[in-house]
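Peer 1: Dumping the structure here so I can ask a few things about it.
Values quoted throughout were computed directly from the atomic coordinates according to the rules given, and no laboratory measurement underlies them. Just so it is clear, the structure is predicted and the values come from calculations on it, not from any experiment. In this analysis, Cβ positions are derived from the backbone assuming ideal geometry, glycine residues included, and neighbour counts consider all displayed protein chains.
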């Protein structure tokens, strides 16, 4: 599921499609409301026209991407108890993303990200050995193991994109990747089946996640 607020060109934004969904509005009505706001020149930097692909018919349709000011202006017209709850969730999401943007500009974030790249390379080298090992055991989709283990580590560390992760999340991810490469190396040395190695990795990571109170992504 897409986050309420996400990063685009180093700015915290949300979009009209999800706003319409969360506030239970027709998207065309939300688009019409935004077009009304755009009649004022001061709002032009708050909304940017974009598009999305409808899953059912694969057709492209317009949507608007908006920053915090744009969302605040648009949401003024949304009333009711449920609308208030979603406004509060969006405010929280904007605050979190803007705090992350500030953190990303620090030296601590840069150093953590660089260290994480080294861990990731070590993990990738280990998975490369696992791919050949799995092929020897009869796997016909062994190349998918890169994606499988990457998704597992990201999920357990509670992130979706490495470049949008906090210092704490990056450290958690490095921990998960170190565990993965250790379990894989040990599994290969002891002759375990490649599927059993994956199960062992998942079990170890779940234990660490629970002990560290990490929050996995949905």
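Peer 1: Please verify whether residue 169 is under 30 Å from residue 98 (Cβ atoms), under 22 Å from the mean Cα position of the chain (by Cα) and not in a helix (DSSP H, G or I), treating the condition exactly as stated.
Peer 2: Judged against the criteria, residue 169 is not a match.
Peer 1: Tally the residues that are free of Cβ contacts under 8 Å to residues at least 24 places away in the same chain and either surrounded by 11 or more Cβ atoms within 10 Å (Cβ to Cβ) or under 18 Å from residue 150 (Cβ atoms) (or both), restricting the search to the stretch 204-213.
Peer 2: Qualifying residue count for the region: 1.
Peer 1: Across the stretch 5-50, what is the total count of residues that are within 18 Å of the chain's Cα centre (by Cα), more than 12 Å from residue 64 (Cβ to Cβ) and not in a strand (DSSP E or B)?
Peer 2: Here the count works out to 3.
Peer 1: If only one of 180, 159 is crowded, with 17+ Cβ neighbours inside 10 Å and more than 30 Å from residue 5 (Cα to Cα), which one is it?
Peer 2: Answer to the selection: 180.
Peer 1: On to the next question. With respect to the numbered conditions (1) over 30 Å from residue 171 (Cβ atoms); (2) surrounded by 13 or more Cβ atoms within 10 Å (Cβ to Cβ), which one is the sole condition not fulfilled by residue 100?
Peer 2: (1)
Peer 1: Here's a follow-up. Restricting to the stretch 172-203, what's the tally of residues that are more than 25 Å from the chain's Cα centre (by Cα), within 17 Å of residue 120 (Cα to Cα) and touching a residue at least 12 places away in the same chain (Cβ under 8 Å)?
Peer 2: So the answer is 3.
Peer 1: While we're looking at this one, here's another question. Would the stretch 150-158 turn up any residue that is in a helix (DSSP H, G or I) and free of Cβ contacts under 8 Å to residues at least 24 places away in the same chain?
Peer 2: yes
Peer 1: Still on this structure, please answer the following. Please enumerate the residues belonging to the stretch 48-97 that are farther than 24 Å from residue 35 by Cβ and buried (at least 17 other Cβ atoms within 10 Å of the Cβ).
Peer 2: Correct list: 93, 97.
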